[in-house]
Amino acid sequence: MGFGIKIVVCLFFLSSFWLRGQEYKNALVWQKEKRLTWEDFKGAVPKDADPAATTASGISYEYTANMWYHEVKVNITITAYFYPTESWYRPELANNHVLQHEQLHFDITELHARKMKFEVSRTTFTENVKEEINKIYRKTLKELKEMQERYDWETSFSRNAKAQQKWQQRISEALERLAAQP
């Protein structure tokens with residue numbers, strides 16, 4: 001006897017509300033060959049904003065689960081998104097260095113999407129698959145938030161060029177390692 005479940009979950013990172021239909025429709029999926037441009041940042045700059053720019057990105061997942069004789073098979077799609085209408089920049093502070101910093105925020109989101117996929121691939125699920133995947137998702141989001149904050153802190157929000165270079169190398173290598181994973 002089998003059962004099937006299909007679930008879609010989305011998170012806005014660096015945003016205070018759940019994803020609405022229009023933002024989802026306009027969201028950009030992370031792609032190695034597609035780098036962000038300032039034209040992708042379509043959000044309004046908040047009054048009294050200090051940062052030069054803000055990248056709103058997030059992870060969503062959709063899965064199906066089937067159980068046959070106590071064995072749960074999960075098929076999952078995990079995607080990193082950039083939300084243009086929630087991302088913004090101050091033109092007077094915009095330059096290529098700041099754009100690279102913002103791109104790396106999006107790359108870090110993709111890295112955590114890959115980490116989640118890897119963890120799901122190593123997990124043996126039970127009939128509580130929904131809760132088990134949600135637990136992995138919450139753990140992934142916690143780690144993502146911590147890394148995003150550490151990245152900003154260590155690079156002084158892009159002002160420390162040497163630290164920025166190290167982070168770019170670190171994330172690039174991590175993405176390559178996880179690209180080879182199942």
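Bear in mind that the values in this text are calculations on the coordinates, not laboratory data. These numbers come from a predicted model, not from an experiment.
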- Note on the structure: Under the Karplus relation with 6.51, -1.76 and 1.60 and θ = phi - 60°, whole-Hz ³J(HN,Hα) for region 147-152, x at Gly and Pro, equal 5, 4, 5, 5, 4, 4
- Message: Can I get the semi-axes of region 74-182's equivalent ellipsoid? Compute them from the C-alpha gyration tensor as square roots of 5 times the eigenvalues, in angstrom, largest first.
- Response: 30, 15, 12
- Quick one: pull the percentage of alpha-carbon pairs in the chain with a separation above 28 Å. 28 percent
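So if each residue of separation counts as 0.36 nm, and I subtract the Cα-Cα distance between Glu154 and Leu93, what length gain in nm does that give?
Here the answer is 20.0 nm.
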- Note on the structure: Karplus ³J(HN,Hα) for region 27-40 (6.51 cos²θ - 1.76 cosθ + 1.60, θ = phi - 60°; Hz, whole; x = Gly/Pro) runs 5, 9, 7, 4, 9, 4, 7, 10, 9, 5, 10, 5, 5, 6
- Query: In deg cm²/dmol and to the nearest 500, what is the mean residue ellipticity at 222 nm of the chain if only DSSP H runs of at least 4 residues count, each as -39500 (n - 2.57), divided by the residue total?
  - Reply: -15000 deg cm²/dmol
- Query: Cα to Cα, under 30 Å, and not fewer than 8 places away if on the same chain: which lysines meet these conditions relative to Lys73?
  - Reply: Lys6, Lys25, Lys32, Lys115, Lys117, Lys130, Lys135, Lys139, Lys142, Lys145
- Query: Of Phe82, Phe125, Phe41, which is the most mobile in a GNM of the chain whose springs link Cα atoms less than 10 angstrom apart?
  - Reply: Phe125
- From the backbone phi of region 122-128, what are the Karplus-calculated ³J(HN,Hα) couplings (6.51 cos²θ - 1.76 cosθ + 1.60, θ = phi - 60°) in whole Hz, Gly and Pro given as x? 8, 8, 9, 8, 10, 5, 8
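Please state the equivalent ellipsoid semi-axes for region 25-131: what are the square roots of 5 times the Cα gyration tensor eigenvalues, largest first, in whole Å?
Numbers: eigenvalues 265, 32, 23 Å².
Computed over region 25-131, the values are 36, 13, 11 Å.
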